[in-house]
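The values are calculated or read from the model by the stated rules, or taken from the named source; none is laboratory data. Keep in mind the model is a prediction, meaning the values are calculated, not measured. Cβ coordinates were reconstructed from backbone atoms using ideal geometry, including for glycine residues, and neighbour counts include every protein chain displayed. Note: areas computed on protein heavy atoms with side chains; ligands, DNA, RNA excluded. Shrake-Rupley method; radii C 1.70, N 1.55, O 1.52, S 1.80 Å.
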Amino acid sequence: MLKELVTKCRTYRRFYENETISEEELKELVDLARLTASTANSQALKFRLCSTAEDNAKVFETLGWAGALPDWDGPKKGERPSAYIIILCDLALGKNKLQDDGIAAQTIMLGAVEKGYGGCIMGNVKRSRLAESLNIDTERYSIDLVLALGKPKEEVVIVPLKEDGDVRYYRDEKQVHYVPKRALEDLIV
């Protein structure tokens, strides 16, 4: 059921790093994104797959992990993602495909959950450094998003928004990650 899949599709930031994701599985996830809508049917998005320890280390060092958790620098060794999909825009085919990025990223994440994985859609990326590390031609491609993927090693719980309206996620002493969500009736205008 779609609602169950969406509910399970949380943002995970800690993983069982030794649980690998094959390149074939990453291609299957990109194939889902390939079938989605695209602005003016330009199909301008391209994808760089990373699943080797060497490439993963290069990607990891370019990411900012959790703005609402200022005392946390990201997952420690052994809890890092086992794969990444970098969403690029082929600038020869189009520019500013933000809707396409969102559609593709969410579709890939839903596919990952269906396979028993989880992930984090990341926009806090040192793009120049990442392009240099992975030899991505920035004259041809923009680096739009990085999807961190792996077998989740944390519990993420949706909770109602508190009366103070604070939407920041937080963790308890057991490292359970809580995500406040507005009520449905607060969203309908």
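In a GNM of the chain with a 10 Å cut-off on Cα contacts, which of LEU69, LEU145, LEU130 has the highest mean-square fluctuation? Looking only at LEU69, LEU145, LEU130, the biggest GNM fluctuation is shown by LEU69. Mind checking the angle between helix 98-114 and the chain's longest principal axis? C-alpha axes, 0 to 90 degrees, to the nearest 10. Its long axis makes an angle of about 70 degrees.
In the elastic network of the chain, a GNM with C-alpha springs shorter than 10 Å, the most mobile of ARG48, ARG34, ARG140 is ARG140. Using θ = phi - 60° in the Karplus curve 6.51 cos²θ - 1.76 cosθ + 1.60, the 3J(HN,Hα) couplings for region 117-131 round to 9, x, x, 9, 7, 10, x, 7, 10, 7, 5, 4, 5, 5, 4 Hz; x is entered for Gly and Pro.
Sort ASP164, ASP73, ASP137, ASP100 by heavy-atom solvent-accessible area, probe 1.4 angstrom, most to least.
ASP73, ASP164, ASP137, ASP100
What the phi angles of region 146-156 give under the Karplus curve with 6.51, -1.76 and 1.60, with θ = phi - 60°, is a coupling list of 10, 9, 8, 10, x, 7, x, 10, 9, 9, 10 Hz, glycine and proline written as x.
Computed from the C-beta positions of ILE188 and LYS126, the FRET efficiency with R₀ = 22 Å rounds to 0.05.
Under 5 Å from the amide H of PHE47 lie the amide H atoms of LEU88, each residue being 5 or more positions distant or on a separate chain, with H modelled from the backbone and absent for Pro and chain starts. Near ALA83, the amide H atoms lying under 5 Å from its own belong to LEU149; only residues 5 or more places off or on other chains count, and H is placed 1.01 Å from N. Solvent exposure of ILE188, expressed as accessible area, is near 120 Å², computed with a probe of 1.4 Å over the protein chains only. Principal axis analysis of the Cα atoms in region 101-159 yields extents of 41, 22, 21 Å, listed in decreasing size. Extension gain for the segment GLN106 to SER22, taken as residue separation times 0.36 nm less the Cα-Cα distance, is 28.3 nm to one decimal. Placing a label point 7 Å from the Cα of GLU139 along the Cα-to-Cβ direction, the residues of region 41-71 whose backbone N falls under 20 Å from that point are 46.
Couplings for region 171-188, taken from phi via the Karplus curve 6.51 cos²θ - 1.76 cosθ + 1.60 with θ = phi - 60°, read 10, 9, 5, 8, 6, 6, 9, 10, 10, x, 10, 5, 6, 3, 5, 7, 9, 7 Hz in order; Gly and Pro are left as x. THR39 contributes an accessible area of around 60 Å² to the protein surface, as traced by a 1.4 Å probe with all chains present. Simple rule: put +1 on each Lys or Arg Cβ and -1 on each Asp or Glu Cβ in region 67-114, find the dipole, and look at ILE86, LEU69, ALA112; the Cα lying farthest toward the positive end is ILE86. Here the dipole of the chain is about 100 debye; that uses its Cα centre as origin and unit charges on the Cβ of Lys and Arg (positive) and Asp and Glu (negative).
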